Every structure is written in C-alpha cells, then in structure tokens.
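Colleague: This structure is in structure tokens; I'll ask about it shortly.
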Amino acid sequence: MNVVGLVTEHNPFHNGHLYHVQEARKSCDADVVVSVMSGHFLQRGEPALFNKWARAKMAVKAGVDIVIELPAAFSVRSASTFAHGSVEILNATGIVSHICFGSEAGDINELWPAARLLADEPQEFKLKLAGFLNQGNSFPKARALALAEYQASGGWNPAASEIYGSPNNILGIEYLKAILTTKSNISPVTIKRFSAGYHDSEIGDFDEDFFSIASATSIRQELSNTGELTRKISRVVPKTTLEVMEQEITSGLGPVFIANYAPTLFYLLRTHPKEWLAEMYDVTEGLENRIYEIARTAKSVGDLLRKTKTKRYTWTRLQRILTYIMLDYTKSLAQAFDQTGPLYLRILGLSDKGRQILKTVKKKGSLPVITRTAPFLKTRDELALMLQFDVKATDIYSLLIPSLLRQQAGLDCKIMPYIQEN
C-alpha cells in the first residue's frame with residue numbers, strides 16, 4: 001500500500017491545495033494521504049487564519065485521510081527545523097512511503113544537489129556562508145549567495161542561487177535534506193507549482209468556468225481588506241472550505257491576523273525588561289534593544305515590523321521573533337525541543353479510511369498517537385513539556401479570535417479530532 005505524506009499549513013485550504021492532494025495521489029499511486037499540518041502558529045511567524053481543527057476539517061473534506069499536527073515547537077521555526085520536524089513525523093507513522101511537495105522547479109533532480117550539499121556542509125561552503133553573513137546579509141540571502149559561489153568554483157550545477165531563491169524550492173530542498181539526515185526510506189516526489197505565486201498578494205481575475213488557483217497570501221489579504229468572503233474568494237477555494245470558513249466567521253472564531261497580536265504583544269514588550277526579551281529564541285546581536293525601544297512608540301504590529309526590519313533581519317524572521325515573544329519561546333526551550341524532535345502523533349482530523357488506517361499507525365508507528373490530550377499532560381516528561389507548549393499556543397491563540405465570548409482556555413482538552421463519516 002502506498003501512503004503519501006504532505007507537509008501543509010492550509011491557511012486556508014484552497015484550490016491549489018486540492019490540486020496538490022489529487023496530484024499526490026496520482027503521482028504516487030497512493031491509497032492514503034497523510035498531512036502533517038501546522039497548528040495555530042505558522043512557519044512565517046503568523047497566527048493561522050482559522051483554528052487547527054477547522055483547517056483539518058477543510059483538508060479531510062477535500063480528500064486528506066489523516067491530519068497530524070506539527071507541534072508548535074517546530075511549526076514556528078525556520079524552514080530547516082520546520083521541514084526536519086515534519087519529515088520526522090512522517091517517518092514515525094511507520095506507514096508513509098512517499099512525500100509529495102510543490103516546487104517552482106518541478107523536477108526533483110534540480111533540488112537534490114543543493115540538499116546533499118546542505119546535508120554535508122563542507123568546510124569551503126561554511127566559510128563562504130560566514131563571509132556573506134558577515135557582510136550583513138540575511139541568512140536566506142547569504143546561503144543563496146554561498147551556494148552560487150560554491151557552484152561557480154566547480155562544486156555543482158545548476159545555478160544554486162536561482163533555485164534556492166524560490167520559496168517552495170527552499171522548503172523542497174529542506175525536505176530532501178531531512179530525508180538524508182534522518183536516513184528516511186520515504187521516496188520524495190515534487191509537482192510543479194503553476195498559476196499563483198507563493199507571495200502573490202492579490203487574487204487575479206479568473207474565467208468563471210476555469211479551475212482557479214490563488215495563493216493563500218492573496219486569499220488572506222482579500223479577507224483582511226474586505227472583511228468578508230467575497231466572490232473572488234469563493235472562486236479559488238473548494239465549496240467545502242467556503243462552508244467551513246462561513247461557519248467559523250459566523251461563530252466569531254475567525255479570521256485571525258498578526259495585527260491581532262497588538263494588545264498582548266505590546267503589553268509584554270512594555271512590561272518586561274530587555275533581559276527577558278534577550279532570552280527569546282533567535283533574538284541575537286542586541287536585537288532586544290531595538291525591539292524594546294521601537295515598541296515604546298510603535299502604533300501597530302505592522303509599524304513595529306517596518307521600523308525594526310533591516311537588511312539582516314527579514315520581515316518573516318521578525319514575524320517569527322514576535323511569535324516567540326507571544327509564546328515565551330526561549331532559547332533554552334528551543335534547545336530542549338531540538339534535542340528530542342517530535343515526541344507524538346497528535347491527530348486533528350480523519351476520513352473514514354483514515355480512521356481504519358490509524359489502527360495500523362498505532363501498531364507500526366514509533367511515537368504515541370494522541371487523540372485525547374488530557375491523559376498525556378499528567379506526566380512530568382519531555383513529551384508532556386512539548387504538549388504543554390501546544391496547549392499554551394492554543395490558549396494564546398484563543399485570545400486573538402474576534403469574539404470575546406469565545407476566548408476560552410483549555411480547548412486542547414475539550415475538542416476532539418474531526419472525523420468525516422461516509
């Protein structure tokens with residue numbers, strides 16, 4: 001039996017994701033689709049538009065069989081840690097035979113050379129990377145430049161900087177690197193992204209009868225600008241997604257944007273000392289002083305980001321740092337999570353077939369399967385620490401939702417996985 005794994009955020013689930021699910025089944029001749037999905041905080045440092053159970057429901061209604069949560073410990077980290085944690089979870093199911101991801105390249109052979117280089121990291125490459133970082137470049141830019149220069153010196157081909165500069169290629173290379181470093185038996189497959197670009201901020205004008213694909217960024221932007229599910233949005237998401245979004249908005253549970261951080265974030269930044277801020281993960285080189293001072297007068301989260309951004313610190317990296325502050329995600333906590341890797345398979349959604357396959361995962365998998373959270377919080381071990389961090393992330397996320405009446409704590413112990421009945 002072939003089982004294909006996807007790494008997703010589904011923020012929200014749109015027609016491009018539907019295409020990905022369908023093509024993954026076909027290209028891998030898969031009987032089952034397993035999705036590792038970020039919970040309430042995402043890799044670009046943003047809160048999810050809708051809660052994790054609603055997004056799992058969107059995915060299952062569109063053809064995914066099992067949705068497993070990527071713990072917050074890894075979902076809010078850089079591409080390398082995000083990808084490594086996701087592949088470790090797919091490995092731990094004991095049933096996933098393939099991983100399928102979208103890329104701008106559309107050809108796995110164009111991505112393997114960079115993955116092998118980054119997995120090995122020869123000394124010559126490390127020196128080139130350090131040199132570009134010392135020039136004040138951001139880490140992504142420095143690595144792309146180091147890859148290009150390494151290639152030019154006779155390392156490998158094709159042009160590394162062009163490949164590594166594309167967002168989905170970056171993630172794809174990291175998945176391949178994780179397969180190498182975890183010695184995984186999972187076979188990787190990539191499908192070429194088409195239509196909307198990853199960062200496209202506007203939904204295009206599409207033919208009414210055409211299968212329209214827009215980026216998740218543009219869908220979020222349209223919802224932020226208009227405050228409603230417009231006709232543009234309805235043309236680029238499956239009907240089932242639209243129905244779930246309508247339910248969540250009507251219930252006052254969404255949408256959630258990074259601007260919603262403001263009350264809690266500015267409270268933290270204006271009441272805690274710089275020393276506390278310096279303990280947050282990825283806050284280095286005196287960045288705590290810059291954030292602390294700007295936060296005294298910033299008018300919004302966007303204003304804080306604009307004034308803090310430099311050549312060295314990209315917008316996305318700063319968004320992640322603000323999320324670390326929101327979650328009190330310290331350097332020591334990140335180190336502890338990195339040493340263990342993911343410690344459980346937390347189920348968020350199941351199709352009827354997925355429910356049957358989950359029995360096999362419980363037998364063959366190398367990590368405990370969690371469908372009820374409370375029993376696993378009673379211990380005092382590393383698993384409980386990681387799960388408590390997920391619970392805290394949910395409790396903080398609940399403070400961001402529009403309806404004050406729905407801002408409850410403890411939802412992780414109250415809400416069960418979504419199960420799609422036939």
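The values are calculated or read from the model by the stated rules, or taken from the named source; none is laboratory data. Predicted model, so just to flag it, every value in this text is computed and none were measured. Reconstructed Cβ throughout: ideal geometry from the backbone, glycine too, with neighbour counts over all protein chains shown. Heavy atoms of the whole protein, side chains included, go into the accessibility calculation; ligands, DNA and RNA do not. Shrake-Rupley method; radii C 1.70, N 1.55, O 1.52, S 1.80 Å.
Colleague: What is the one condition in (1) modelled with pLDDT under 95; (2) more than 17 Å from Ala48 (Cα to Cα); (3) among the small types (Gly, Ala, Ser) that Ser366 does not satisfy?
Modeller: (1)
Colleague: Let me ask you something else. Considering Lys331, Lys309, Lys362, which residue is without any contact (Cβ under 8 Å) to a residue 24 or more places away in the chain and within 30 Å of Gly286 (Cα to Cα)?
Modeller: On the way: Lys331 fails: without any contact (Cβ under 8 Å) to a residue 24 or more places away in the chain; Lys362 fails: within 30 Å of Gly286 (Cα to Cα).
Selected residue: Lys309, the only one of Lys331, Lys309, Lys362 that is without any contact (Cβ under 8 Å) to a residue 24 or more places away in the chain and within 30 Å of Gly286 (Cα to Cα).
Colleague: Sticking with this structure for a sec: Of the residues Arg355, Arg372, only one is in a loop (DSSP other than H, G, I, E, B) and either open to solvent by 40 Å² or more (accessible area, probe 1.4 Å) or among the acidic types (Asp, Glu) (or both); which?
Modeller: Among Arg355, Arg372, only Arg372 is in a loop (DSSP other than H, G, I, E, B) and either open to solvent by 40 Å² or more (accessible area, probe 1.4 Å) or among the acidic types (Asp, Glu) (or both).
Colleague: If you take the residues in the stretch 118-140 that are in contact (Cβ under 8 Å) with a residue 40 or more places away in the chain and of a type outside the set (S, T, N, Q), which one is surrounded by the fewest Cβ atoms within 10 Å (Cβ to Cβ)?
Modeller: If we take residues in the stretch 118-140 being in contact (Cβ under 8 Å) with a residue 40 or more places away in the chain and of a type outside the set (S, T, N, Q), then Gly136 is surrounded by the fewest Cβ atoms within 10 Å (Cβ to Cβ).
Colleague: May I pose another question? Just to verify a result, which residue in the stretch 13-32, among those that are part of a loop (DSSP other than H, G, I, E, B) and of a type outside the set (Gly, Ala, Ser), is most open to solvent (accessible area, probe 1.4 Å)?
Modeller: Per the stated criteria, the residue is Asp29.
Colleague: Please work out which one of (1) crowded, with 22+ Cβ neighbours inside 10 Å; (2) not in a loop (DSSP other than H, G, I, E, B) is the condition His10 fails and give its number.
Modeller: (2)
Colleague: So which pairs qualify, if the first residue must be in the stretch 79-96 and within 11 Å of Ile186 (Cβ to Cβ) and open to solvent by less than 10 Å² (accessible area, probe 1.4 Å), the second must be part of a loop (DSSP other than H, G, I, E, B) and acidic (Asp, Glu), the Cβ gap must be under 6 Å, and the two must be at least 6 apart or on different chains?
Modeller: That search, which allows pairs on different chains as well, returns nothing.
Colleague: With the structure loaded, tell me whether Arg44 is open to solvent by 40 Å² or more (accessible area, probe 1.4 Å) and either farther than 24 Å from Phe13 by Cα or among the aliphatic types (A, V, I, L, M) (or both) or whether it fails that test.
Modeller: When the stated conditions are applied, Arg44 does not pass them.
Colleague: For residues that are open to solvent by 20 Å² or more (accessible area, probe 1.4 Å), among the small types (Gly, Ala, Ser) and in contact with a helix residue (DSSP H, G or I) (Cβ under 8 Å, 6 or more places away or on another chain), tally how many sit in the stretch 375-409. Full working, then the answer.
Modeller: Pass one, the stretch 375-409, residues open to solvent by 20 Å² or more (accessible area, probe 1.4 Å): 375-383, 385, 388, 391-392, 395-396, 399, 402-409.
Cutting the leftovers down to among the small types (Gly, Ala, Ser) gives us 403, 409.
From what's left, in contact with a helix residue (DSSP H, G or I) (Cβ under 8 Å, 6 or more places away or on another chain): 409.
Matching residues across the stretch 375-409 total 1.
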